[in-house]
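What follows draws every value from the coordinates through simple rules; no lab data is involved. Not measured: the values here are computed from a predicted model. Neighbour counts run over all protein chains shown; Cβ positions are idealised from the backbone, glycine included.
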Amino acid sequence: MEYVWDVLRLLREYLDHLIVPQVRGQVMEGAHLLGDSIFIGADSVVEPGVVIKGPAYIGRNTQVRHGAYVRERVLVGDNCVVGHATEIKDSVMLNGAHAAHFAYVGDSILGNYVNLGAGTKLANLKLDGSNVIVSVGRETYDSGLRKFGAIVGDRGQIGCNAVPNPGTLLAPDCIVYALASPRGYYPSGTVVRPAARSKTRR
């Protein structure tokens, strides 16, 4: 891989090698598992009203709460939360990541201990349908992906109802305030406020 977003391109192949279908946790009555390629780790709980479509890997001690929609090609680590009315597709959530309330996580990567506030939407498609372009300073990179949401580094915090634009890269320890709409690359420790006001915490 040359770029961090290349992980998304390889996710399906990786899941095909990783998943041995098995349910070790608790799937409550009223939850629906669709397809054969699903793994649910020990001590994880899938609540009523959840729909999980394989291939999907869910690690240990993870909560998939009522009304969540896990929509294929999803890798969720240990101690995560896929919350009420949250939809996730073609994405990775590393250990301890939380998308607890009304979130959309599409074609994205959430690092360890990332937290998405209620109503966070990781936009993954440009309005004109063209490839997502990643901007880093004055440089631009064609991701080669028509759908590409955000990559949020370890311990990132995104406030309620924030909407990162397609191709947003947040390095570790960034904070995005509620209602902000970041785009492009932000170095570690950046605080992103609405109306493009941001600063680096150091």
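Neighbours of Val50 by Cβ distance under 12 Å: Lys/Arg scored +1, Asp/Glu scored -1, total 0. Residues in the stretch 117-131 carry Karplus couplings, in order, of x, 4, x, 5, 10, 8, 4, 10, 9, 6, 4, 8, x, 7, 4 Hz; the curve used is 6.51 cos²θ - 1.76 cosθ + 1.60 with θ = phi - 60°, and Gly or Pro positions show x.
Write out the trypsin sites (Lys or Arg not before Pro) in the stretch 32-136 meeting two conditions: DSSP loop, and at most 16 other Cβ atoms within 10 Å of their Cβ. Those satisfying the criteria are Arg60, Lys126.
Here the sum of -39500 (n - 2.57) over DSSP H runs of 4 or more residues, divided by the residues of the chain, equals -2000 deg cm²/dmol at 222 nm, to the nearest 500. Take every pair of alpha-carbon atoms less than 8 Å apart whose residues are at least six positions apart; their mean separation over the length of the stretch 6-200 yields a relative contact order of 11 percent.
When you count the other C-beta atoms within 10 angstrom of each residue and take the mean per peptide, 177-188, 29-40, 93-104 line up highest first as 93-104, 177-188, 29-40. Among Leu116, Leu15, a tally of other beta-carbon atoms within 10 Å of each Cβ gives an order, fewest to most, of Leu15, Leu116.
The count of lysine pairs in the chain with alpha-carbon distances below 17 Å, taking only pairs 8 or more places apart or on different chains, stands at 6. Electrostatic bookkeeping for Asn161 treats Lys and Arg as +1 and Asp and Glu as -1; over the other residues with beta carbon under 15 Å from its beta carbon, the sum is +2.
Stretching the chain fully between Arg60 and Arg24 yields a gain of 12.1 nm (0.36 nm per residue, less the alpha carbon separation).
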